[in-house]
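The values are calculated or read from the model by the stated rules, or taken from the named source; none is laboratory data. Everything quoted here is computed from the prediction, not taken from an experiment. Every residue, glycine as well, gets a Cβ built from its backbone with ideal geometry; the counts of neighbours run over all protein chains shown. Protein only, heavy atoms only, side chains kept; ligands, DNA and RNA dropped before computing areas. Shrake-Rupley method; radii C 1.70, N 1.55, O 1.52, S 1.80 Å.
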Amino acid sequence: MVEITGGNRPKQLLNRGRKLEAATLGWNVVGVFVLAYAAIEARSVALAGFGLDSLIEIGASTVVLWELADVNAERQHRAMRLIGIAFVGLAFYLGIQSTVVLAVGFHPHHSVLGIAWTGLTAAVMFGLAFGKAKTGAALGNPVLQAEGRITLIDGILAVAVLIGLVLNAWAGWWWADPLAGYVLLYYAIREARESLS
């Protein structure tokens, strides 16, 4: 990576932040379609929840790109509230859906596509999160740093969903899928509280 020095540093850092957000946005747009297909085929709460999380990440990336276009305190505050509201919606969906699935004992199907996509997504999100955290810190931009944490959590959630899918596929632990939904729920509530405070 080229070290950014001199008077153009803030502009170059903003450009780097925009590129990281654009990469996240592109990945998640593709991911929504992949996850929707995999979730329907497998009837998986965890994959559906992760697909909704990808929609939130699309929204978050869009908000951050909007915020990076004109950095000011009011825009940063509005951006954080929009991200928080999206996480509240995700938390409601996951809480209800995971509870219903466990209560009725619904057994999701296996999803090789879901396993492959979530594994790949985890690796991509960890790399993007590192870049956003570093760039956001260098810019002193709390929105980019917060979105970097969301991207890191997206990677962690991908790992949790991956574990649930693998346990369901290879050990027959059908309940691992809605439990992965509860892991997503925990992080959605945490991020909603942080973004809305």
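Within the stretch 102-149, count every residue that is assigned to a helix (DSSP H, G or I), over 21 Å from Val63 (Cβ atoms), open to solvent by 10 Å² or more (accessible area, probe 1.4 Å) and touching a residue at least 60 places away in the same chain (Cβ under 8 Å).
The number of residues fulfilling the criteria is 3.
Looking at (1) more than 27 Å from Ser98 (Cα to Cα); (2) at pLDDT below 90; (3) among the charged types (D, E, K, R); (4) touching a helix residue (DSSP H, G or I) at 6+ places or on another chain (Cβ under 7 Å), which is the one condition that is false for Glu3?
Failed condition: (4).
Could you check how many residues of the stretch 130-162 are hydrophobic (A, V, I, L, M, F, W, C), at pLDDT 90 or above, farther than 15 Å from Asp53 by Cα and touching a helix residue (DSSP H, G or I) at 6+ places or on another chain (Cβ under 7 Å)?
Count: 3.
Could you tell me which numbered condition Ala60 fails, if it satisfies all but one of (1) surrounded by 24 or more Cβ atoms within 10 Å (Cβ to Cβ); (2) closer than 20 Å to Trp175 by Cα?
Of everything listed in (1) surrounded by 24 or more Cβ atoms within 10 Å (Cβ to Cβ); (2) closer than 20 Å to Trp175 by Cα, Ala60 misses just condition (2).
Considering each of Gly148, Gly95 in turn, give the residue that is closer than 22 Å to Val30 by Cβ and not hydrophobic (A, V, I, L, M, F, W, C). Talk me through it step by step, then tell me what you get.
On the way: Gly95 fails: closer than 22 Å to Val30 by Cβ.
Just a single option satisfies the conditions, and that option is Gly148.
Out of all the residues in the stretch 172-183, is one or more open to solvent by less than 70 Å² (accessible area, probe 1.4 Å), out of contact with any helix residue (DSSP H, G or I) (no Cβ under 7 Å at 6 or more places or on another chain) and in a helix (DSSP H, G or I)?
no
Confirm whether Leu68 is touching a Lys or Arg at 6+ places or on another chain (Cβ under 6 Å), assigned to a helix (DSSP H, G or I) and closer than 23 Å to Ala22 by Cα. Break it down into steps so the answer makes sense when it comes.
On the way: touching a Lys or Arg at 6+ places or on another chain (Cβ under 6 Å): yes; assigned to a helix (DSSP H, G or I): yes; closer than 23 Å to Ala22 by Cα: yes.
Yes, satisfied.
Of the conditions (1) open to solvent by less than 50 Å² (accessible area, probe 1.4 Å); (2) at pLDDT below 80, Ala73 clears all except one; give me its number.
Unmet condition: (1).
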